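Step one of this worksheet: look at the structure below.
Nothing in this text is a laboratory measurement; each read-out follows from the coordinates by a stated rule. Note that this is a predicted model, so its numbers are computed, not measured. Positions of Cβ are generated from backbone atoms using ideal geometry, with glycine treated the same way; all protein chains shown enter the neighbour counts.
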Amino acid sequence: MQIHLNKEIYMPIGLFALALGAFGIGLTEFGIVGLLPQVTADFGVTEQVAGYLVSGYALSVAIGALVLTALMARFERRSTLLIMMGLFIAGNLISAMASSYEALLAGRIMAALCHGAFFSVGAVVASDMVAANKKASAISLMFAGLTVSNILGVPLGTLLGLQLGWRSTFWALSIIGVVTMLGIRLLVPRLEATANSLRTELAVFGRPQVWISASISILAFGGVIGGFTYIAFTITKVSGFATATVPWLLLLFGLGTFIGNIVGGKAADRALNTSLGVFLALLTMVLIVFALTAQSKIMTIVSLLLMGSIGLATAPGLMLRIMNFASDAPTMASGTNIAAFNIGNALGAWLGGMALQAGFGYVSPLWAGAALSFVGLLILLASSLARPLTRPSVAS
C-alpha cells in the first residue's frame with residue numbers, strides 16, 4: 001500500500017540516483033571539449049585527430065544504444081544499470097591513466113558504449129517506478145542530470161582539468177560513477193525485464209510508428225544541434241558579442257535546456273502528441289526568428305534561452321512516444337530513440353557545417369535547424385492523423 005501511495009504522489013528517491021548517472025555521462029560526453037587543447041599538446045596529435053575523441057564517442061553511443069540494449073534486454077534492469085555504470089567507471093579510469101592517444105580513445109569508446117544503454121534502460125526503469133500519469137515527468141527528472149551537466153558540469157569539469165590537468169576530470173568522473181553505482185544499488189528496486197527473446201525485441205523495427213517516432217527524434221534534435229553547434233560564430237561574428245562572453249551565453253542556453261526538460265515532461269504527461277506538435281512548431285519559429293534578428297544582442301539572449309528550453313522540451317515526450325508504440329519491448333524502443341538523438345546530433349552538425357562551407361553565412365546553421373524541425377513537425381502531424389496513439393488519454 002505504501003509503494004502504491006509513493007507512486008501516486010511522490011517521485012521515488014531512486015530517480016535521483018539515475019539523474020546522477022545521467023549527470024556523469026553527460027559530463028563524460030561534453031567535458032572533453034574544453035580539454036582538447038591540453039590533450040593535443042600532451043599526445044602531439046592534430047586538432048582534427050583530437051576531435052575524434054568527440055565524434056568517436058557519439059558514434060559509439062549510437063552503437064551501444066542498439067547493440068548493448070538488445071543483448072541485455074532480458075537481464076534484470078537494475079543489474080543492467082549496475083553493469084553499465086561499471087563499464088562507465090572502467091572507461092573513465094582507462095582515460096585517466098592513458099599513456100597514449102589510442103588508449104584515451106579506447107577509454108572514451110568504452111565509456112560511450114554504456115551511454116545509450118544506460119539511458120535506454122534508465123528511461124524504462126524511471127517510468128516503471130511511478131504512476132502512469134507521471135511517466136514522462138519521471139523520464140525528464142532522469143534527463144535533468146544530463147541538462148545539469150551542460151549547465152554546471154562541463155564548465156566545472158573544464159575548470160578542474162585546467163587547474164589540475166585533464167586527467168583529473170576523468171578521475172572525478174570515475175568517482176561520480178562509483179557514487180551512482182551505490183545509489184542505484186541502494187535506492188532503485190529490482191525490476192525484472194520482460195521475457196522477450198531477441199527476435200521479439202527486434203520485432204519492434206517492423207512497426208512503422210517506431211521508425212516514424214525515431215525519425216521525428218532525429219529531426220527534432222538535429223534542429224536544435226544544427227543551430228547550436230556553430231552558435232559561437234553567430235554570437236561573435238553576427239551579434240557582436242566579445243569572445244569572453246561566449247561561455248556565459250552558452251550557460252544561458254544550458255539553463256534553458258534544464259527548464260525545458262522539466263516543462264516538457266509535465267506537458268507530455270498531459271497531452272503527448274499535442275505538446276510535441278506545439279514544441280516543434282515553436283522550435284521552428286524560434287530558430288527562424290533567431291536567424292532574422294541575430295544582429296540584435298537582446299534578441300540573441302532571448303533566442304538562446306528559448307532555443308534551449310523549447311528544444312529540450314521535446315525530449316521526454318519523444319522518448320515516451322516511441323515507448324508507447326513498443327510497450328512489449330520498451331527497452332529496445334528506448335535504445336532506438338537514444339540512437340536517434342545522437343544521429344540527429346550528427347546530422348544537425350553536418351548540415352550546419354555544410355551551410356557554412358557553402359558560404360551562406362554564420363546564421364545559416366539556424367536556417368538548417370529550422371528546416372529539420374519543420375520537417376519533423378510535418379511528419380508528426382501526418383502520422384498522428386493517419387494513426388493516433390492507442391492510448392488517447394496521453395496522446396491528445
Worksheet item: When the scattering of the stretch 287-339 is computed by the Debye formula from its Cα atoms alone, each counted once and equally, what is log10 I(q)/I(0) at q = 0.17, 0.31 Å⁻¹?
Response: -0.61, -1.08
Worksheet entry | Cβ-based charge dipole, the chain, positive-most Cα from Ala326, Leu306, Ile32 | Ala326
Practice prompt. For the chain, set up a Gaussian network in which alpha carbons nearer than 10 Å are linked by springs, and say which option among Ile94, Ile13, Ile379 fluctuates the most.
Written response: Ile13
Worksheet item: Which Cα, out of Ala271, Gly227, Leu250, lies furthest along the positive dipole direction of the stretch 204-395 (beta carbon charges, K/R +1, D/E -1)?
Response: Ala271
Discussion item. Please compute, over every Cα-Cα pair in the stretch 147-270, the percentage with a separation greater than 24 angstrom.
Written reply: 58
Practice prompt. Given the peptides 183-189, 59-65, arrange them by the average over their residues of other C-beta atoms within 10 Å, most packed first.
Written response: 59-65, 183-189
Worksheet, complete the sentence: Cα-Cα pairs in the chain separated by more than 28 Å, as a whole percent of all pairs, come to 44
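Can you give the net charge of the other residues whose Cβ lies under 10 Å from the Cβ of Leu104, counting K and R as +1 and D and E as -1?
For residues surrounding Leu104, the net value is 0.
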Worksheet item: For Ala214, what charge total do you get from the other residues with a beta carbon under 13 Å from its beta carbon, if Lys and Arg give +1 and Asp and Glu give -1?
Response: +2
Practice prompt. Sort the following peptides by mean Cβ neighbour count (other Cβ atoms within 10 Å, averaged over residues), highest first: 305-312, 332-339, 101-108.
Written response: 332-339, 305-312, 101-108
Fill in: Local electrostatic count, Val61, Cβ distance below 15 Å [Lys/Arg +1, Asp/Glu -1]
0
Practice prompt. Under 14 Å between C-alpha atoms is the cut-off here; go through the chain and count lysine pairs that meet it, provided they're at least eight residues apart or on different chains.
Written response: 5
